[in-house]
Structures are given as C-alpha cells and as structure tokens.
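Following: one structure in structure tokens, then a few remarks.
The values are calculated or read from the model by the stated rules, or taken from the named source; none is laboratory data. Nothing here was measured: the structure is a model prediction, and the numbers come from that model. Using ideal geometry, Cβ is built from the backbone for each residue, glycine included, and neighbour counts are taken over all protein chains shown.
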Amino acid sequence: MFAQLRSPMSIRVEPTISTIYHRGMINSGLLAHLERFISTELASQLPSPPDDIHGTLVPCYDEERYCGPNSAVKDLYRLDLSFRIGSDIAGTFKGDLRYSPADQSFFPRYRHSRLVVITQARQEAQKLLSNAVHTLCRRICEEHITEATCPKCAAGLDIINSPALFDVSCPQRCFNYNFHRDPSSGEFQHGHLFFSQQV
Ligand SMILES: [Zn+2]
C-alpha cells in the first residue's frame, strides 16, 4: 500500500501493513496524525523548511501474535525519513514511535527521549567531536595523562588507564571510550566509543 500525503512541504510516507490489526489501524487518519508529528517535531529541526519529506513507516512487531488486546508493543512503529531541501538531502531520521489511539497522536517510543534529525551540521559537529575524543584519548593513553576535560562540555573526565582496561568517560555522559587490553602487551583488544547523545 502506498499513501501519498500532500502538504505545503510534501510529505510522503509509505506504510507497511501485514496484520489485521495494522490494516485497521493504519489509515488516512493515522497518517495525518503522523504528518502533524513529522512537521512539528522533526521537520522543525532543519535549518529551513524542507521541500520534500519521504520515507517508510513499519510496525516494529508486525506479526499477528504481537497484536493481542493486551499487547504493549502493537502500536510501536519504526519511522525512516529523508528530508530534502532543493535537490539536497538536508537530513535523515530513523527512530521508533508509539501511536496512542486514545490521544490520536504519535510520541517517541520512550516518552522522554529526544528524537534527533541528523542534519549536515550535526553530522559535521559529531565528526569533529569524535576526532577530538580520539585525539585526546590517544594522548591520555600514550602520555599517561591523569586529568583532562571533556571536549564537548569541559567537565573533568573520569580516567582509568590500567594494564587491563582503558576507560575515559565524561561524567555528564557526553561520551564513553572503553577498551579492554591485553595486560601483558597493553594492546587494545575490544571496546567501543559511545556517544550518549547527538551533538
Ligand atoms: Zn562532557
């Protein structure tokens, strides 16, 4: 099924419908509520109003066995969007939403989470921060620095630089750089650089 919704900024969302429940639920009314959500919560994050938004809406649990009367997951949807300004992709969004039939509204799947459109400016800022964290962590490791501040928020970092573990984290939760080491050689084995929030 393909639903085409028209508004001044042209929003086109293609829903996937595979269960009886979702066949009843996903209709032009729901898509109009989705369009309102996209306009107010997502498109507003772009530097200027997009000319065109298109993407898909897929139930997170699209099997009949998840659609019982007491199901807590049947109204969860994954939304995947591209925002275009002129001929450029100005931003993308991928995230889970909850639809409330009672309120006739969409909400973030986790009520208090912040839904972020990845814009070019955010992507560039994220890359800069990532590079800064990598450079800083290399220095902390190689020069055995014990005190440093977060390149994003300037808080004093928590640093563990031990034979088996290298862990640098921001107490404000901007990032966590965590690697396990081979205690004999000091070589980094496995780990991650995790950013808790988009820039
Ligand atoms: Zn920080």
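Miscellaneous remarks
- The condition of being basic (Lys, Arg) and farther than 21 Å from SER100 by Cβ holds for only one of ARG23, ARG12, ARG36, that being ARG12.
- Search result, residues across region 167-199 that are surrounded by fewer than 17 Cβ atoms within 10 Å (Cβ to Cβ), over 16 Å from GLN126 (Cα atoms) and within 10 Å of the ligand (Cβ to nearest atom): PRO171, GLN172
- Applying the condition of being assigned to a loop (DSSP other than H, G, I, E, B) and farther than 17 Å from THR40 by Cα to region 87-111 and asking which residue is farthest from the chain's Cα centre (by Cα) yields ALA102.
- Condition check for ILE159: at pLDDT 95 or above and more than 26 Å from ARG122 (Cβ to Cβ): yes
- From ARG181, ARG173, residue being without any contact (Cβ under 8 Å) to a residue 60 or more places away in the chain, over 18 Å from SER130 (Cα atoms) and basic (Lys, Arg): ARG181
- Answer from ALA148, ALA155, ALA164, ALA132 - the residue that is within 13 Å of the ligand (Cβ to nearest atom), farther than 30 Å from GLN45 by Cβ and outside the structural domain of ARG12 (by TED's automatic domain parsing): ALA148
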